[in-house]
Amino acid sequence: MKALAANIEDVFREAAARWTLIAYFFLSTIFIIIFASAINLDIVNGALAGAKLFGKEVQMGGDSGLSIEKLVLGFEAGFSGFLYFLATFLAIFATAHLVPRMQEKGTIDLYLSRPVGRVKLLLSRYIAGLLLAGSNLVYLIGAIWLIVAWKTHVLHARFLLGGAIIFLVIAVLLAFAFFIGVFTSSTAVSIMASYGIFFFGLMLAAHERIAAAVSKEWQAALINGLYWIFPKTAELMQAVVAFVGGEQMPEQLLRNLTPAPFITTAAFGVVCLVLASWLFTRKEF
């Protein structure tokens, strides 16, 4: 247990020594500062009387007495979709190097000399990556939530809980990055592959229309099969927005939320982690 804890601690020390940890939280801090400075709301008797976005007046139309509760709920729902992309991209960029750097000559020799099995070694790096990404996610979402609460005096816990879905996506993509990292020992390939599968999942959300457009049945079957294999990044983004927005979201969007995207996406991550562990135990160094 001490050896596993030491491996996790090594990840954070390495991230700090290589400025990864500092850059990771610095970028999030810059975004938080910009966010706090960009939005100014004029609230009178619990209703929105005026708003400024990046110094420009927002036209309120005839609904000048817009309920601040509805405004915050709608704003948090829309903004959670942006955070879905931002937090995921930062997490992958900051953690995809964990396996390739571990496999560098000299570094891997040191790790393998410790009384820890290869699977436990890999999993400890994975847990450390999740802790690193999770801490930044909590910092980013928590700061935004507090800023909104400070400016509007409205608290919605669902905005915080929406981060759990984002964390699931990060965990799955990190497992895929670990598999690619073990296979290629390349940080660049791990990052590009993880981003690629993220966008591939977005495109596969239209798998029914794509399958209907192809001329061969086997091509349509392949497209539908790939949809169920790869992470449902589009559906999970919709789930974040719908979960945070609640009553503000269209009924059709809420009805389309089923457990299947969560289950199949999590299964993909588990399979990637198992394959990475198996490949790591057989790899020659």
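Considering the range 1-57, the residues that are assigned to a strand (DSSP E or B) and either over 30 Å from VAL72 (Cα atoms) or not aliphatic (A, V, I, L, M) (or both) include one that is modelled with the highest pLDDT, namely ASN40. Please work out which residue is surrounded by the most Cβ atoms within 10 Å (Cβ to Cβ), limiting yourself to the range 107-132 and to residues that are among the aliphatic types (A, V, I, L, M) and free of Cβ contacts under 8 Å to residues at least 60 places away in the same chain. Per the criteria, the residue is LEU130. Across the range 157-167, the qualifying residues are those that are surrounded by 18 or more Cβ atoms within 10 Å (Cβ to Cβ) and touching a residue at least 60 places away in the same chain (Cβ under 8 Å), and the one among them that is farthest from LYS232 (Cα to Cα) is PHE159. Where helices (runs of 4 or more DSSP H) fall wholly inside the range 109-222, the ranges with 3 or more residues that are touching a Phe, Trp or Tyr at 6+ places or on another chain (Cβ under 7 Å) and either among the β-branched types (Val, Ile, Thr) or under 30 Å from LEU71 (Cβ atoms) (or both) are 118-152, 157-184. In summary, SER135 fulfils each of the numbered conditions (1) under 19 Å from LEU168 (Cβ atoms); (2) touching a residue at least 12 places away in the same chain (Cβ under 8 Å) with the single exception of condition (2). Number of residues in the range 168-199 that are closer than 11 Å to HIS97 by Cα and of a type in the set (Phe, Trp, Tyr) equals 1. Take LEU83 and decide whether it is farther than 28 Å from SER185 by Cβ, surrounded by 17 or more Cβ atoms within 10 Å (Cβ to Cβ), modelled with pLDDT of 90 or more and aliphatic (A, V, I, L, M). Spelling it out, LEU83 is indeed farther than 28 Å from SER185 by Cβ, surrounded by 17 or more Cβ atoms within 10 Å (Cβ to Cβ), modelled with pLDDT of 90 or more and aliphatic (A, V, I, L, M). For the range 249-285, a residue qualifies if it is surrounded by 17 or more Cβ atoms within 10 Å (Cβ to Cβ) and either modelled with pLDDT under 85 or touching a Cys at 6+ places or on another chain (Cβ under 6 Å) (or both), and exactly one does: MET249.
The values are calculated or read from the model by the stated rules, or taken from the named source; none is laboratory data. Keep in mind that what you see is a predicted model, and the values were worked out from it rather than measured. Reconstructed Cβ throughout: ideal geometry from the backbone, glycine too, with neighbour counts over all protein chains shown.
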